[in-house]
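Note sheet for the following structure.
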Amino acid sequence: MFERLLGFDTDLFDRFAQMQRELDELFGRALPTAAIRGVPAGTFPAVNLGETDNDVRVYVFAPGIDPEKLDVTMEGNVLAIEGERQESVPDNATVYRNERFQGRFRRVLALPEAVDEEQVNATYKDGVLQVVVGKKAEAQPRKIEVKAD
């Protein structure tokens, strides 16, 4: 439609756009994350982090990993999680697509300063590692009794 106005074949732009989509699909696209401490899409394992009045909770979504091969360490307010997911494809198999992460991984998370590194509990169930880190007593809210005059 615009070929006559522009003086050249605009189908060329459509071809470049299609090639860009195919390259993005082939190599993946590292999308910018919204948070300054965020990580690119596809980072393994995915992590949820939140807190209650008494503790900080970390959920690490790592299915297919032997929990005995997970290494969870805490130093100050820094939590490190390391492990490895073994390849699940037989050697003699022909693979046409393999989107599951395999190999070694390491995630390091800075937790709030109020955590107590002596109060750490880690459990693994149904492919989810849950790490609960208690807060220091002075960081927890305390109830103030209101007295009547």
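What follows draws every value from the coordinates through simple rules; no lab data is involved. The shown structure was predicted, so the numbers you read here are calculated from the model rather than taken from an experiment. Cβ placement follows ideal geometry from the backbone for every residue including glycine, while neighbour counts extend to all protein chains displayed.
Could you go through segment 95-111 in sequence order and give the Karplus-derived ³J(HN,Hα) for each residue, using 6.51 cos²θ - 1.76 cosθ + 1.60 with θ = phi - 60°, rounded to whole Hz, and x for Gly and Pro?
After applying 6.51 cos²θ - 1.76 cosθ + 1.60, I find 9, 9, 7, 9, 9, 7, 5, 9, x, 7, 9, 8, 10, 10, 10, 8, 8 Hz.
Compute the Cα gyration tensor for segment 42-138, then decide on rounded, prolate or oblate, letting a ≥ b ≥ c be the square roots of its eigenvalues: rounded whenever a/c is under 1.5, prolate when a/b is larger than b/c in the other cases, and oblate in all that remain.
Numbers: a/c = 2.89, a/b = 2.78, b/c = 1.04.
Verdict is prolate for segment 42-138.
Please compute the net charge surrounding E82, taking Lys and Arg as +1 and Asp and Glu as -1 over other residues with Cβ under 12 Å from its Cβ.
Summing Lys/Arg as +1 and Asp/Glu as -1 gives +3.
Count charges around D53 for me, please; just the other residues with Cβ under 15 Å from its Cβ, Lys/Arg as +1, Asp/Glu as -1.
Details: positive: R57, K135, K136, R142, K143; negative: E51, D55, D116, E138.
So the surrounding residues net to +1.
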